[in-house]
1. Only one residue in Asp245, Asp268, Asp236, Asp277 is outside any loop (DSSP other than H, G, I, E, B), modelled with pLDDT under 95 and not assigned by TED's automatic domain parsing to the domain that holds Ile44, so which one is that?
2. Are any residues in region 186-210 of a type in the set (Phe, Trp, Tyr) and either under 24 Å from Thr287 (Cβ atoms) or surrounded by 24 or more Cβ atoms within 10 Å (Cβ to Cβ) (or both), and if so, which ones?
3. Quick one: is Ala251 assigned to a helix (DSSP H, G or I) and either assigned by TED's automatic domain parsing to the domain that holds Leu301 or small (Gly, Ala, Ser) (or both)?
4. Filter the strands (runs of 3 or more DSSP E) completely within region 1-47 down to those with at least 3 residues that are within 16 Å of ligand 1 (Cβ to nearest atom).
5. Looking only at residues in region 136-152 that are surrounded by fewer than 24 Cβ atoms within 10 Å (Cβ to Cβ) and among the small types (Gly, Ala, Ser), which one is farthest from ligand 1 (Cβ to nearest atom)?
6. So Ser106 clears everything in (1) closer than 28 Å to Ile313 by Cα; (2) small (Gly, Ala, Ser); (3) within 16 Å of ligand 2 (Cβ to nearest atom) except one condition, right? Which one?
7. Out of Gly133, Gly119, I need the residue that is under 27 Å from Asp320 (Cβ atoms) and of a type outside the set (Val, Ile, Thr). Which one?
8. Applying the selection to region 169-179, what residues are within 15 Å of Lys210 (Cα to Cα) and in contact (Cβ under 8 Å) with a residue 60 or more places away in the chain?
Amino acid sequence: MRAYTYIEKGRFGFTEKPEPSLAADTDAIVRVTLTSVCTSDLHIKHGSVPRAIPGITVGHEAVGVVLAVGSAVRKVRPGDRVTVNVETFCGECFFCKRGYVNNCASHDGGWAIGCRIDGTQAPLVRVPYADNGLDKIPDGVSDEQALFTGDILSTGYWAAKISEISQDDTVLVLGAGPTGICALQCVLLYSPSRAIVCEKDPLRRAFAKKLYPQALVCAPEEVTEICRSLPRGGADRVIEAAGADDTFSLAWQCARPNAVVSVVALYDKPQILPLPDMYGKNLVFKTGGVDGCDCAEILRLIADGRIDVSPLITHTFGFDDIEKAYDVFENKRDGVIKTAVKI
Ligand SMILES: [Zn+2]
Ligand SMILES: [Zn+2]
């Protein structure tokens with residue numbers, strides 16, 4: 001089969017590979033129907049993911065149909081429509097048992113698919129620990145609605161969950177890119193008294209405004225003043241999903257004393273934590289990569305009509321045109337938010 005492959009730093013391309021087969025009795029093989037291009041794919045391409053292995057098929061955000069399952073797989077059967085989780089986790093180790101599946105201690109634990117083992121930008125993908133890595137898509141939920149469940153929507157859901165949001169909170173989300181929008185959507189599930197989203201790109205601001213009229217959408221030049229004028233002198237909860245050079249400092253500056261600041265962005269460079277400047281502000285920082293173990297709940301919320309991030313898919317391409325999908329996404333052409341690829 002043809003697979004879109006990480007050939008070497010700076011270069012992805014099609015290669016011919018054998019079809020994957022079951023390697024363990026907990027594996028499943030999934031026929032991919034729709035996959036996406038994610039910023040993390042670009043990080044691999046640019047060589048900023050040291051653990052990514054050249055030669056692997058890329059792609060880690062996908063939906064498809066189960067083709068085969070190992071003898072120990074209980075949750076899914078051939079023919080089931082499923083979402084693929086970006087994270088592989090055993091469900092048994094110290095971290096998994098506590099819900100910290102991002103740090104699963106098994107060999108393939110964490111982000112393996114499309115990074116250390118073959119990913120979803122191919123007609124077929126092998127999913128280890130299929131009972132944890134796959135979730136059945138409810139009837140009535142389209143591929144497009146389910147596509148982001150295993151990655152950016154899990155990230156947004158997790159970001160909102162760890163931010164301890166209550167109904168009298170003002171929640172600030174930095175960044176209205178795909179992850180920021182997913183975070184905003186999940187923040188709104190908690191009905192905070194106010195949601196603010198800050199984004200530098202005017203097109204993305206307009207997109208966020210149209211999709212979420214209940215949120216206050218602003219530019220980085222305005223956000224500090226807006227937050228300073230809040231009743232408690234800053235946002236109660238801040239989710240940093242932008243990952244730009246100055247957005248980490250913006251995140252803690254916009255927070256009120258004793259706020260929770262959740263940092264889910266992935267930075268290209270180290271960030272400065274100026275403790276003397278923030279002394280006495282007594283902030284709580286939460287950081288890191290998603291614990292993607294809430295996919296079933298997310299799919300339920302999609303089926304109930306409480307989450308719909310399918311409008312994020314602004315462009316769809318066929319598998320033959322995947323290079324175009326990368327080009328449009330990477331260079332932010334034509335007002336793109338996310339590109340999907342039909343396999
Ligand atoms: Zn991703
Ligand atoms: Zn584990």
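1. One residue alone meets the criteria, Asp277.
2. Taking region 186-210 as the starting set, the residues that turn out to be of a type in the set (Phe, Trp, Tyr) are 190, 207.
Matches in region 186-210: Tyr190 only.
3. Details: assigned to a helix (DSSP H, G or I): yes; either assigned by TED's automatic domain parsing to the domain that holds Leu301 or small (Gly, Ala, Ser) (or both): yes.
Answer is yes for this residue.
4. Working: elements: 2-8, 11-16, 28-36.
In region 1-47, the matching strands (runs of 3 or more DSSP E) lie at 28-36.
5. Step by step, filter region 136-152, then rank; the result is Gly140.
6. (1)
7. Of the residues listed, the single one that is under 27 Å from Asp320 (Cβ atoms) and of a type outside the set (Val, Ile, Thr) is Gly119.
8. Passing the criteria: Gly177, Pro178.
The values are calculated or read from the model by the stated rules, or taken from the named source; none is laboratory data. Model, not experiment: these values are computed from the prediction. Note: ideal-geometry Cβ built from the backbone for every residue, glycine included; neighbour counts use all protein chains shown.
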